[in-house]
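Trainee: Sending over a structure as structure tokens; questions will come in a sec.
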Amino acid sequence: MEQARSWYNEWFNSPYYHQLYFKRDNAEAAGFISHLIDYLKPPPGSLMLDIACGRGRHAIQLAEMGFDVTGIDLSEDSILKAKENENDQLHFFNHDMRLPFWINYFNYAFNFFTSFGYFNTRSEHDNAIRTIAQSLKPNGIVVIDYLNVHYEEKHLVPKSEIIIEDVAYHITKWLDETNFFKKIVIEDKSLEEAFLFHERVAKFSLGDFTEMLAYQKVQIQEVFGDYNFGAYSLNESPRMIIIGRKKIS
């Protein structure tokens, strides 16, 4: 019998979440951060905020590159793990992105790996964008790394199975007009019964982000389509990497 679990609060705390999504792509993540810093060229010591930082893999790399980085995440377990790496240039806090954080403080604010789009209402997402924008100093830069809706619709694989270290992940995907859905059944020989988790991510387009960011006085400067910073194509790009700048009031 499958043991049901709630959505993001519990799933993001699960070690299976980190094993499924982050165990095998550290090299890709490191390459993406290198490309990003090459493009942005931040001054040494720049103040950076990693929103929905998880266990801090991006934040750690940024701090190692000489920046002052703060990570926030809803998951208490992830933040406890991230805090093991804290130092004078790296700080982590358990915090809900829908609520204001430090105001007019950071030079850069990042939201990586589609760590957005999973709340129940548009107003909650607007509140998260507000937190991102308000955290920045005037002229500060925001980077949002989100899935490309049109690409995902074309390439959705309804059923798949992934085996990682003898743990089996049975994944079922589907969609409707406004969301992508995913059911993940986890079979681990060390457990008496399978775990069941669900995911839901909103189909936010570039137009949606343009509108949400503009309302918070952030103007989009550039959009890239993959982690190598290739040109963005509406139908062919796997990612939508949005770079915006907060207007000077």
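All of the numbers you see were taken from the coordinates with simple rules; none came from a lab. The structure displayed is predicted, hence computed values, not measured ones. FYI the Cβ positions are ideal-geometry reconstructions off the backbone, even for glycines, and counts take in every protein chain you see.
Trainee: Would you mind ranking Phe181, Phe67 so that the residue whose beta carbon has the fewest other beta carbons within 10 Å leads the list?
Mentor: Listing Phe181, Phe67 from fewest to most nearby Cβ atoms yields Phe181, Phe67.
Trainee: Another question, then. Where does the charge balance sit around Gln219 when Lys and Arg score +1, Asp and Glu -1, over other residues with C-beta under 9 Å from its C-beta?
Mentor: +4
Trainee: Continuing with the same structure: Calculate the length of the line joining the C-alpha centroid of the stretch 123-197 to that of the stretch 48-63, in whole Å.
Mentor: 18
Trainee: Could you list the square roots of 5 times each eigenvalue of the Cα gyration tensor of the chain, that is, the equivalent ellipsoid semi-axes, sorted largest first and rounded to whole Å?
Mentor: So the equivalent ellipsoid measures 29, 21, 17 Å along its semi-axes.
Trainee: Under the rule of at least 5 residues apart or a separate chain, name every residue whose amide H is placed under 5 Å from the amide H of Tyr118.
Mentor: Ala202
Trainee: Based on other C-beta atoms within 10 Å, arrange Leu20, Leu80, Leu36 from fewest to most. Can you show the working numbers first?
Mentor: Details: Leu20 19, Leu80 13, Leu36 22.
Sorted ascending by nearby Cβ count, the order is Leu80, Leu20, Leu36.
Trainee: Now for a different question. Could you give me the ³J(HN,Hα) list for the stretch 173-178, computed from phi with Karplus coefficients 6.51, -1.76, 1.60 and θ = phi - 60°, whole Hz, x at Gly and Pro?
Mentor: Each residue's phi maps through the Karplus curve to give 10, 7, 8, 10, 5, 10 Hz.
Trainee: Another one. Summing +1 for each Lys or Arg and -1 for each Asp or Glu, what net charge is found among the other residues whose Cβ lies under 11 Å from the Cβ of Arg130?
Mentor: 0
Trainee: Long-range amide H contacts for Tyr105: which residues qualify at under 5 Å (H placed 1.01 Å from N, peptide plane, sequence gap of 5 or more or a different chain)?
Mentor: Amide H to amide H, under 5 Å and 5 or more residues apart or across chains, Tyr105 pairs with Leu136, Lys137.
Trainee: A further question follows. So what is the 222 nm mean residue ellipticity for the chain from helices alone, if each DSSP H run of at least 4 adds -39500 (n - 2.57) and you divide by all residues, rounding to the nearest 500 deg cm²/dmol?
Mentor: Using -39500 (n - 2.57) per qualifying helix, the result is -8500 deg cm²/dmol.
Trainee: Pop out the ³J(HN,Hα) list for the stretch 77-85 in order, Karplus 6.51 cos²θ - 1.76 cosθ + 1.60 with θ = phi - 60°, rounded to Hz; leave Gly and Pro as x.
Mentor: For the stretch 77-85, the Karplus-derived couplings read 5, 5, 5, 4, 5, 5, 4, 4, 9 Hz, x marking Gly and Pro.
Trainee: Can you list the residues, at least 5 places off or on another chain, whose amide H is less than 5 Å from the amide H of Tyr232, using H built in the peptide plane?
Mentor: Answer set, sorted by chain and number: Gly225.
Trainee: For a quick check, take a GNM of the chain with Cα springs below 10 Å and name the residue from Gly66, Gly207, Gly140 with the largest mean-square fluctuation.
Mentor: Gly207
Trainee: Using the count of nearby Cβ atoms within 10 Å as a rough guide to exposure, how do Leu191, Leu147, Leu49 rank from fewest to most?
Mentor: With the sparsest Cβ surroundings first, the list reads Leu191, Leu147, Leu49.
Trainee: Got the relative contact order for the chain handy, in percent, Cα pairs under 8 Å and 6 or more residues apart? Before the final figure, lay out each step's value.
Mentor: Numbers: 496 pairs, mean separation 47.7, N = 249.
Across the chain, relative contact order equals 19 percent.
Trainee: Report ³J(HN,Hα) in whole Hz for each residue of the stretch 36-48, in order, from the Karplus equation J = 6.51 cos²θ - 1.76 cosθ + 1.60 where θ = phi - 60°; Gly and Pro get x.
Mentor: Along the stretch 36-48, the couplings run 4, 5, 4, 6, 6, 6, x, x, x, x, 4, 8, 10 Hz.
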